[in-house]
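Step one of this worksheet: look at the structure below.
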Amino acid sequence: MASDIAGLVDNERGLISRRIFIEPEIYREELERIFARCWLFLCHDSQVPQPGDFFTTSMGEDPVLVVRDTAGVVRAFLNVCRHRGNRLCRADDGNAASFTCAYHGWTYGNDGKLIGVPYLKEAYHGELDRERWGLVPVAQLDHYKGLYFATFDPEAPPLREYLGEMCWYLDAFFDRREGGIEVIGGMHKWVMPCNWKFPAENFGGDAYHVQWSHLSAVKTAFSTGVTTKPNASGSMVSPGNGHILICVGPNDIADPPMPEVLAYEEAIRPEVEKRLGDRARRINPIVGTVFPNFSLLRATSRTFRVWQPRGPGKTEVWSWVFVDKAAPPEVKEAIRLAGVRGFSPSGTFEQDDMDNWQECTQTCRGVMARRMPVNTQMGMGHERFDEGLNAWASDHRISESNHRQFYGRWAQLLAADSWAGVPNGHANGGVRHA
């Protein structure tokens, strides 16, 4: 596989083979070398606030159980019974002191220990060592500003190192005010017949489509359409490690065109700039992707989501609306409504995007169409490393420089047999083909 990567991603010419969006063999390599290796988002702290609270999710196609145990410690395990491999917890979330498998009744405490085995004395003759058969924990679990991430790879770099300079950009979404953010309104889940990379790259670098795909939504005032404004400023920004963001200028308004939200943003602006520092006076991050599949949006809606891979041609979307915890109730409600109207399964923007990603994936099924490379040449040679942003930045607010950074990192990970073989992906020493 490693010898074939150069033929799949050619960043020197801005060309990407469409095989990477449809072929099962490549997808299996992604599960092994990206989803079983990278730090993946699990949930936000506000989703498991109390002892016993749990949340079920996925890391790649592996089911995962996140639980705050009785002692208050957040843990993450494979959501798989150690007996026959049945999925242990079927609920999306809840509160439990223990979890019992529906197949044979093996029971685990919320700290992962095996605490109950039917007929332990009679059928096992008391010989089963329960200490060895607890739930399998993730290799590493850590959090940043209330965001919990995990990796299955014990050799993966620490979370802060993996996020690198992306930490400041996460702050611009999740730590603008004292108390951070909270999730409101539950969770939306839906399935799209598309490859997971299409939405991941789109959220982190595609401002080009807005004026075409979303024109009706912008004209009907579901959005300010900031990236469609001729006088808008900003840049595509890549802080390294494949993380990518669309940023507008500090005075460009990207918020939902709702009076409550606009007034709120104007009122808190001095506080936000003071909290985030000088960089906030230069640039305003509005949408991005933490490599590989965790995306965040703070423009038309306030949403973060995970693009869960379910095969080369299928993606399950898990989406939430978030708000500043310190925001007043009327602002939180306005943001919730904006999320439903713009970025939900029936949202005006979401439907446009799903249609495009579906067709981009489906055409890959054709033999001849698959031989036609994807063109990511926009803005080649017109980006630079910006010391003030500590990131690669495009010269124009619309560019495919972030696409090249995203797929460059994808190629590095697929070509390496372990983390030791993955080049330093920090912004000032990362993927320089862009």
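The values are calculated or read from the model by the stated rules, or taken from the named source; none is laboratory data. Source: prediction; values computed, not measured. Every residue, glycine among them, receives a Cβ derived from its backbone with ideal geometry; neighbour counts consider all protein chains shown. To get the accessible areas, we keep the full protein, side chains included, count just its heavy atoms, and leave off ligands, DNA and RNA. Shrake-Rupley method; radii C 1.70, N 1.55, O 1.52, S 1.80 Å.
Could you tell me the calculated FRET efficiency between His382 and Ser346, based on Cβ-Cβ distance and R0 = 41 angstrom, to the nearest 0.05? It comes out at approximately 0.60. Rg of the Cα atoms in region 355-417, relative to 2.2 N^0.38 Å, amounts to 1.42.
With R₀ fixed at 25 Å, the C-beta to C-beta distance from Glu333 to Asn251 puts the FRET efficiency at about 0.40. When only C-alpha pairs under 8 Å and at least 6 residues apart count, what is the relative contact order of region 32-143, in percent? It comes to 20 percent, rounded to a whole number.
Full extension of the segment from Asn231 to Ala326, taken as 0.36 nm per residue of separation minus the current Cα-Cα distance, would add 31.0 nm.
The charge dipole of region 122-163, taken about the Cα centre with unit charges on the Cβ atoms of Lys, Arg (+1) and Asp, Glu (-1), comes to about 300 debye, rounded to the nearest 20. Under the criterion of Cα pairs below 8 Å and six or more residues apart, the relative contact order for region 20-97 equals 24 percent. Mind jotting down the distance between the C-alpha centroids of region 147-162 and region 10-57, whole Å? Region 10-57 and region 147-162 have Cα centres spaced 13 Å from each other. P(r) tail, region 12-109: Cα-Cα pairs separated by more than 21 Å, 46% of all pairs. Panel values: region 256-314, Kirkwood radius from alpha carbon pairs, Stokes-Einstein at 37 °C and 0.692 mPa s, translational diffusion coefficient 238 µm²/s. Peptides 360-367, 4-11 ranked from most to least packed give 4-11, 360-367, packing being the mean of other C-beta atoms within 10 angstrom over each peptide's residues. Surface composition of region 55-213: carbon and sulfur make up 47 percent of the accessible area, probe 1.4 Å. Zone of Arg84 (label point 7 Å along Cα→Cβ, backbone N under 11 Å): which residues in region 103-121? Once the point is set 7 Å along Cα→Cβ of Arg84, 103-106 turn out to lie under 11 Å by backbone N, inside region 103-121. When a 1.4 Å probe is rolled over the protein heavy atoms, the share of accessible surface on region 239-357 that falls to carbon and sulfur comes to 53 percent. With the convex hull of its Cα atoms as the shape, region 1-44 has an orientation-averaged projected area of 4.3 nm². For the chain, relative contact order (Cα pairs under 8 Å, six or more residues apart, normalised by length) works out to 21 percent. Here the chain is assigned +1 on the Cβ of each Lys and Arg and -1 on the Cβ of each Asp and Glu. Its dipole about the Cα centre then comes out at about 440 debye. Sorting 66-73, 194-201, 28-35, 154-161 by their mean Cβ neighbour count within 10 Å, with the most densely packed peptide first, gives 194-201, 28-35, 66-73, 154-161. Pairwise alpha-carbon distances in region 254-365 exceed 21 Å for 45% of all pairs. Against the chain, whose longest principal axis comes from its Cα atoms, helix 329-342 is set at around 80 degrees. Relative to the current alpha-carbon distance between Cys167 and Asp92, full extension at 0.36 nm per residue lengthens the span by 24.2 nm. Think of the chain as having a plus end and a minus end, set by charges on the Cβ of Lys, Arg, Asp and Glu; of Gln211, Tyr407, Pro158, Gln211 sits farthest toward the positive end of this dipole. Across Tyr108, Tyr162, Tyr148, mean-square fluctuation computed from a Gaussian network of the chain (C-alpha pairs under 10 Å connected) peaks at Tyr108. In the context of the full set of protein chains, region 334-434 has a per residue accessible area of 44 Å² (1.4 Å probe). Remark: accessible surface ordering of His44, His104, His83 (largest first) is His104, His83, His44, probe radius 1.4 Å. Against the main long axis of the alpha-carbon atoms of the chain, helix 401-415 sits at an angle near 30°.
The order of the peptides 373-380, 279-286 by mean Cβ neighbours within 10 Å, most packed first, is 279-286, 373-380. Ranking Met258, Met372 from most to least accessible surface, computed with a 1.4 Å probe over the protein chains only, gives Met372, Met258. For region 66-159, the Cα-based Rg and Dmax, in that order, read 14.7, 49 Å. Mark the label point 7 Å from the Cα of Arg130 along Cα→Cβ and return the residues of region 18-58 whose backbone N is within less than 19 Å of it. No residue qualifies, since no backbone N sits under 19 Å from the label point. Lacking any other cysteine beta-carbon closer than 4.7 Å, the following Cys residues of the chain have no compatible partner: Cys38, Cys43, Cys89, Cys167, Cys194, Cys247, Cys360, Cys364.
Shape class for region 281-339, computed from the alpha carbon gyration tensor (a ≥ b ≥ c): oblate, with a/c not under 1.5 and a/b at or below b/c. Under a Gaussian network description of the chain, with springs only between Cα atoms under 10 Å, the residue in Met236, Met354, Met187 that fluctuates furthest is Met187. Lysine pair count for the chain with Cα-Cα distance under 26 Å and sequence separation of 8 or more or different chains is 15. With all protein chains kept in place, the per residue accessible area of region 1-158 amounts to 47 square angstrom at a probe of 1.4 angstrom. For region 238-322, the Cβ-based charge dipole about the Cα centre amounts to some 340 debye (Lys, Arg positive; Asp, Glu negative; other atoms uncharged).
The overall shape of region 35-84, judged from the alpha-carbon gyration tensor, is oblate: a/c is not under 1.5, and a/b is no greater than b/c. Extension gain, Leu262 to Ala369: 0.36 nm times the residue separation minus the Cα-Cα distance gives 34.0 nm.
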